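Participant: The structure follows.
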Amino acid sequence: MAMLSVASGHLSRRTILGAFLVVVASRISTAASDGILPAIRWAETADAAYLASGRIAVELAAAGRPMPAGWAAYRASLARVRRVARLDLYALTPTTPEAAGALAAYHTARGERAGSAGARRAARRRLRKVFARPGAVLPPRPT
């Protein structure tokens, strides 16, 4: 993914939010009956938007430029969207092997992306709780 340059000053919060919503709308498609696949895509998109806003903040700070007015509120709103997307995902129970595998892959990737043993343990703990629910289908074992 190419790094967005804010040095030119052409990037506004509305532009970022609009791009975020376009990506979300374009990626939502028909999915398994349990709704996990669109919830995973939503959580991934929310994670990516929040991380991108952090990279922009770091880029601005490195350039010695002040944060735009309302930037803290914008970041807080992205954090809320990310939290809601994750909570929505956690509320779902996988009922197909495809959904279970996708959920396990999402949590594994999140744990690896964080780069800490604590994050990986938390991801495994969350998965154990989800797969312990009545009606949950376990992911297929890797061969």
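Participant: So is ARG141 in a loop (DSSP other than H, G, I, E, B) and of a type in the set (D, E, K, R) or not?
Facilitator: Yes: the conditions hold for ARG141.
Participant: While we're here: How many residues are outside any helix (DSSP H, G or I) and either in contact with a strand residue (DSSP E or B) (Cβ under 8 Å, 6 or more places away or on another chain) or not charged (D, E, K, R) (or both) when one looks only at region 64-95?
Facilitator: 11
Participant: Which of the residues that make up region 103-118 are open to solvent by 30 Å² or more (accessible area, probe 1.4 Å) and in a helix (DSSP H, G or I)?
Facilitator: ALA105, THR108, ALA109, ARG110, GLU112, ARG113, ALA114, ALA117, GLY118
Participant: When region 119-133 is examined, which residues are found to be without any contact (Cβ under 8 Å) to a residue 24 or more places away in the chain and either outside any helix (DSSP H, G or I) or among the β-branched types (Val, Ile, Thr) (or both)?
Facilitator: Answer for region 119-133, where residues must be without any contact (Cβ under 8 Å) to a residue 24 or more places away in the chain and either outside any helix (DSSP H, G or I) or among the β-branched types (Val, Ile, Thr) (or both): just ALA132.
Participant: If a residue must be farther than 14 Å from ALA43 by Cβ and among the acidic types (Asp, Glu), how many such residues does region 86-143 contain?
Facilitator: Looking only at that region, the number is 2.
Participant: Is it true that SER77 is modelled with pLDDT of 90 or more, in contact with a Phe, Trp or Tyr (Cβ under 9 Å, 6 or more places away or on another chain) and not hydrophobic (A, V, I, L, M, F, W, C)?
Facilitator: Judged against the criteria, SER77 is not a match.
Participant: If I filter region 66-102 down to residues being touching a residue at least 24 places away in the same chain (Cβ under 8 Å), open to solvent by 50 Å² or more (accessible area, probe 1.4 Å) and farther than 25 Å from ARG125 by Cβ, which single residue comes out as nearest to the chain's Cα centre (by Cα)?
Facilitator: ARG75
The values are calculated or read from the model by the stated rules, or taken from the named source; none is laboratory data. A quick note: this is a predicted structure, and the numbers were derived from the prediction, not measured. Methodologically, a virtual Cβ is constructed for each residue, glycine included, from the backbone with ideal geometry; neighbour enumeration extends over all protein chains shown. All accessible areas refer to the heavy atoms of the entire protein, side chains included, with ligands and DNA or RNA removed. Shrake-Rupley method; radii C 1.70, N 1.55, O 1.52, S 1.80 Å.
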